Amino acid sequence: MQFLRPAWALTAAAVCFLLLLLHSQILREGQLVAGTCEIVTLDRDSSQPRTTIARQTARCACKKGQIAGTTRARPACVDVRIITSRQWCEMTPCLEDEGCNLLVNQSGWTCTQPGGRVKTTTVS
């Protein structure tokens, strides 16, 4: 019995080491996990009164049938059908307390906050 405890401990340590080694081989530095996104650049321009123009670039590693989009004001992988149909509000781009409306020409959406402030996003 006393021999089994150290043997199990060594086995567990070896398994942990192998999992760590496999993980580092699969996810090399700079690679994203499938289904995730990260913000690469974020530029803000406040030169116009009462207006801030923000441009952000994201890098995503989306699964099959998904494409880079926006969910809860963060980059995310969304169903490709949403993008192709230009029904932007289906990807839930606004924060929880905001209302989403499509722009008339479907080139983007607006998020309206409870106080009446409107954030407009256009897709290029």
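The values are calculated or read from the model by the stated rules, or taken from the named source; none is laboratory data. Note that the structure is a prediction, hence the values are computed from the model and not measured. Note that each Cβ is placed from the backbone with ideal geometry, even for glycine, and that neighbours are counted across all protein chains shown. Please note that ligands, DNA and RNA were not included when accessible areas were found on the heavy atoms of the full protein model with its side chains. Shrake-Rupley method; radii C 1.70, N 1.55, O 1.52, S 1.80 Å.
Data overview
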{"quantity": "Exposure ranking of I67, I83 by accessible area [1.4 Å probe, largest first]", "calculated": "I67, I83"}
{"quantity": "Potential lengthening between R81 and R117 on full extension [0.36 nm per residue; Cα-Cα distance subtracted]", "calculated": "10.0 nm"}
{"quantity": "Two-site label geometry, Q31 and K63: point separation in nm, points 7 Å out along Cα→Cβ", "calculated": "1.8 nm"}
{"quantity": "Heavy atoms of L103: accessible area, 1.4 Å probe, square angstrom to 10", "calculated": "40 Å²"}
{"quantity": "Within-12-Å neighbourhood charge of T52 [Cβ basis; K, R +1; D, E -1]", "calculated": "+3"}
